[in-house]
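Take a look at the structure set out below.
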Ligand code: MBD
Ligand code: FE
């Protein structure tokens, strides 16, 4: 891929992710979806500010460093990379706290690239893809059940993923809308069988603010290859998760810290070509 393609990608992804967030999670207003209690804001804002004071004292932060931070924070907003920054470095702990006592399948972070309203597909389906879509064909099948193993017919699996270049439709330019995105409805036994291609590892855009932080700190910018899923059924809690590939690059070094052992697939060769795997989902009952 050319340098200019990469640059266009980085700039476009940040802005699109910001727009996406404002549309889906704040109703387009930019205001928080839910009011947060004053006492709670006091507690949390004080805790964050006090933690920052502590860092300044403990590490003897200089004015040069303070100003570098200030200009970096400004640029994150200008690049539209706050969704990316927060989902890469903070969301995994929010997810950990939110799901600590939930039964059923493990989940993990949503990340910045979910788009609601993907094309609805039958229980046996192929994700929308280009005629010449690159990548290893991949058959992903399984069953969605409730906590007691009760099959959930009509459950919905929303899937989204990067392509063989590690790029997401609707966030990187030049990819058809809804490419490798779909909304699969399970059959009368709660089963599904989706044909797709295996995604490539994902690299945080190198020319944006998050990429500059990574370079300045000497970190790496990669997430292991992954499939994103939201699994939902009437009367059950929605499961937001990701699935990874055994022996995949960066599995033990995810920049977003979102890998869990339960989420690593071990695909086998599919006699019909490519690879296949079976993975079942157990949904927790709706909280009372
Ligand atoms: C991704 O594809 C992703 O899943 C996360 C969590 C952050 C950035 C890009
Ligand atoms: Fe992702």
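Every number in this text was worked out from the coordinates using simple rules, so none of it is lab data. This structure is a prediction, so every number in the text was calculated from the model and none was measured. Positions of Cβ are backbone-derived with ideal geometry, glycine not excepted, and every protein chain shown enters the neighbour counts.
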Could you please state, rounded to a whole Å, how far the C-alpha centre of the stretch 217-288 is from the C-alpha centre of the stretch 184-203?
11 Å
How long is the gain from residue 215 to residue 150 if the chain were fully straight, where each residue apart is worth 0.36 nm and the alpha carbon distance is subtracted?
18.5 nm
Top of 244, 202, 66 by mean-square fluctuation, Gaussian network on the chain, Cα under 10 Å:
66
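Within 10 Å of each residue's Cβ, count the other Cβ atoms and sort 82, 72 from fewest upward. Walk me through the intermediate numbers first.
On the way: 82 18, 72 14.
By the 10 Å Cβ count, ascending: 72, 82.
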Tell me, in nm to one decimal, what length is gained between residue 34 and residue 58 on full extension, where the rule is 0.36 nm per residue of separation less the Cα-Cα distance?
5.1 nm
So, R0 is 25 Å and r is the distance between the beta-carbons of residue 106 and residue 86; what FRET efficiency does that work out to, to 0.05?
0.70
Expressed as a rounded percentage, what relative contact order does the chain have, with Cα pairs under 8 Å and six or more residues apart?
22 percent
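With a 10 Å Cβ neighbour count serving as the proxy for reagent exposure, in which order, fewest first, do 164, 79 appear? Don't jump to the answer; show the numbers that get you there.
Numbers: 164 15, 79 23.
Ordered by Cβ neighbours within 10 Å, fewest first: 164, 79.
Which number do you get for Rg(Cα) / (2.2 N^0.38 Å) in the chain?
Numbers: Rg = 20.2 Å, N = 288, 2.2 N^0.38 = 18.9 Å.
Normalised Rg, Cα atoms only: 1.07.
Can you give the calculated 222 nm mean residue ellipticity of the chain, where each DSSP H run of n ≥ 4 adds -39,500 (n - 2.57) and the sum is split over every residue, rounded to the nearest 500 deg cm²/dmol? Please report the intermediate quantities before stating the final value.
Values: 6 runs with 87 residues, N = 288.
It lands at -10000 deg cm²/dmol.
May I ask you to sort 81, 189 by Cβ crowding, counting other Cβ atoms within 10 Å and putting the fewest first? Numbers along the way, then the final one.
Details: 81 27, 189 13.
Neighbour counts put them in this order, fewest first: 189, 81.
Can you tell me how much longer the chain between residue 268 and residue 50 gets when fully stretched, taken as 0.36 nm per residue apart minus their C-alpha distance, in nm with one decimal?
On the way: separation 218, 0.36 × 218 = 78.48 nm, distance 5.06 nm.
Once the chain is fully extended between residue 268 and residue 50, it gains 73.4 nm.
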Looking at the chain as a GNM with Cα springs under 10 Å, which of 40, 181, 223 has the largest mean-square fluctuation?
40
Checked the stretch 54-192 with the C-alpha gyration tensor, a ≥ b ≥ c its square-rooted eigenvalues, rounded below a/c of 1.5, otherwise prolate if a/b is larger than b/c and oblate if not; verdict oblate
Can you tell me the convex hull volume per residue for the stretch 129-270, based on C-alpha atoms, in Å³ to the nearest whole number?
137 Å³
Over the chain, with a Gaussian network built from C-alpha contacts below 10 Å, which listed residue (16, 29, 232) shows the highest mean-square fluctuation?
29
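According to the Kirkwood expression over distinct Cα-Cα pairs, how big is the hydrodynamic radius of the stretch 236-287, in Å? Mind dumping the intermediate values first?
Working: mean 1/r = 0.0764 Å⁻¹.
Here the Kirkwood hydrodynamic radius works out to 13.1 Å.
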Any idea how far apart residue 93 and residue 124 come out in nm if each label point goes 7 Å out from Cα toward Cβ?
4.8 nm
